[in-house]
Each structure stands twice: as structure tokens, then as C-alpha cells.
1. Once the Cα atoms of helix 31-45 and of the chain are each reduced to a long axis, what angle between those two axes, in degrees from 0 to 90 to the nearest 10, is obtained?
2. Can you give the angle from 0 to 90° between the axis of helix 83-96 and the longest principal axis of the chain, with both taken from C-alpha atoms, to the nearest 10?
3. Would you mind telling me which residue in 11, 106, 161 has the biggest mean-square fluctuation in a Gaussian network model of the chain, where springs connect alpha carbons within a distance under 10 angstrom?
4. What does the extension gain come out to for residue 252 and residue 171, with contour length at 0.36 nm per residue minus their alpha carbon separation?
5. Where both residues lie in the chain, what percent of DSSP beta bridges are antiparallel, nearest 5?
6. Work out how much length residue 264 to residue 185 would gain on full extension: take 0.36 nm times their residue separation and subtract the Cα-Cα distance, in nm to one decimal.
7. Taking the chain as a Gaussian network, where each spring joins two C-alpha atoms under 10 Å apart, which residue of 131, 111, 102 fluctuates the most?
8. Among rounded, prolate and oblate, which fits the stretch 25-124 when a ≥ b ≥ c are the square roots of the eigenvalues of its C-alpha gyration tensor, a/c under 1.5 means rounded, and a/b larger than b/c means prolate?
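We did not get these values from a lab; they are worked out from the coordinates using the rules stated. Nothing here was measured: the structure is a model prediction, and the numbers come from that model.
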């Protein structure tokens, strides 16, 4: 299939400018956030180190988790459909990575089958909060499954399907991406609602409301305000029920080894292991594309 250009989709209001948001995230990135990103990989993958493993970051965004994987010892390959995300990831690599040969970055789409055929197998394929923004979630889920090496792991996160609530947020996100007026309407409407609901929740639980913001970095090293903007504008937008994701990958000979679910807004996280078969060794070897 023909893969569209991210900039043209953003200009038409068909896609959120993810890269613009992630470039702003670099302003708040620090060592503590990077460590939290490392911990999140260690926890979900149940691995302390990634030495001698290859790690593919599908839709790398800011590049934070590619950096985390590299610091844990992996040889990393990252790509993103958004050119500004790619630029941000390269800037992050420039700041923190002293061996760029072990972390390569490219511009590509999870929907581009011809591209994906060129890059081979990876011990870990990681795509957190990305595939539901491709415009064809189930196809992208299928596409990246072929990139997981025999006995390798697939770690993905997808928005939880909440029925009518999800449909409501799809309309909000579409409005946000429609232009400046849409952004103003959404921000002025929902930023206060989110802030107030968090305040009320903390007071009722007897928590210090300031800790919600101060300790948010412990959630994978992320930033609350940047995550809010990503949520409001994250379009295209699709969702999935956990059982449907499980069945989808079961049919492709994957076994689920870890799952965390959400009962509200946010992503369900899945870690699958790919079954091994003798013919896998004769298909294709890992061949990272040289960085330009």
C-alpha cells in the first residue's frame, strides 16, 4: 500500500503533530526520567539487562525508550512516521548516546510492508501507544508481528476500548486536529476538567495534590502536561479490548507472558513471546538499515 506523508496529513487535520509535542518534551527530560523509562522496560520485559539483544522501537516518538534500551545494553533500531519525531530522537541520541552505531534511527511507517521486509528480525519489538494512531491499527499489529525473532518478545500498548466513551474522545481528538480554534476549544475545556478531577480525587484519598505532578515522572519517565496534549490530540485514534488483542496474536503463534490493563482512559500493555518453528531460521536474518 502507498504510505502517506505525515506532514500533509497534519496540514489536512487528519493527524496530530506528535513530533512537535515530543520536541517540547526534551526540555523537561532529565536523568531521573531516563531511569524511570529503563525501569518500565525491565519490569514489563522481566529482564534486568538487554545485552546482546536487538531492540526495535516502532514509532519511537521522542526516542526515550530507544535510549533506555540502549543504556540497558541492546542494539537499537528506531523508526517513526513523523519526521519531527525522528529529528527529536536523533537529537536525544546526540545528547546521550556515545556509540551511535548501536542506535540507528529512520523515518518509516508500520504500515509500509515493503520497508519492514528489509529490516529483518529483532529479539524485542516495542511499540508503546503507537499502533492505534497509524490509521489502520490491526494491519500495523499484523505487520510488526513478522519482525519478532523466533522466541523473541513483542511489547505493545494499545488504548483500551471503552465503547461510547472512546467514541466521544475520537470526536474530541478530531476537533483538536482541525486547526487552531479546535485546539483552543479542547485545551480551555479539558485542561481545567482534568486538573480539577485530579485535585478532587487526591483530596478524597487524602493525598497531596502536588505529588500528582511531581511524581508523574515515575510513570515511565513521562510528563503529565505532554501526555495530556498527546491524549487530546492523538488522532487517528483506535481502541481494542484486551481479549481481542490476545486472540489476534494467539492466531499468529504468540503466547502472552505479561498483561496490565486499564479500566479507564489509557493503554493496556501486552508482552508476547513468539513461538519458534524450524522454518523461521530460513526466512531472513537481521539486517539493520544504515543510518543516513
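1. Tilt of helix 31-45: around 60 degrees.
2. In the chain, helix 83-96 runs at an angle near 80 degrees to the longest axis.
3. 11
4. 25.9 nm
5. Percent antiparallel among DSSP bridges in the chain is about 40.
6. Length gained between residue 264 and residue 185: 26.1 nm.
7. Highest fluctuation of the listed residues: 102.
8. The shape class here is oblate.
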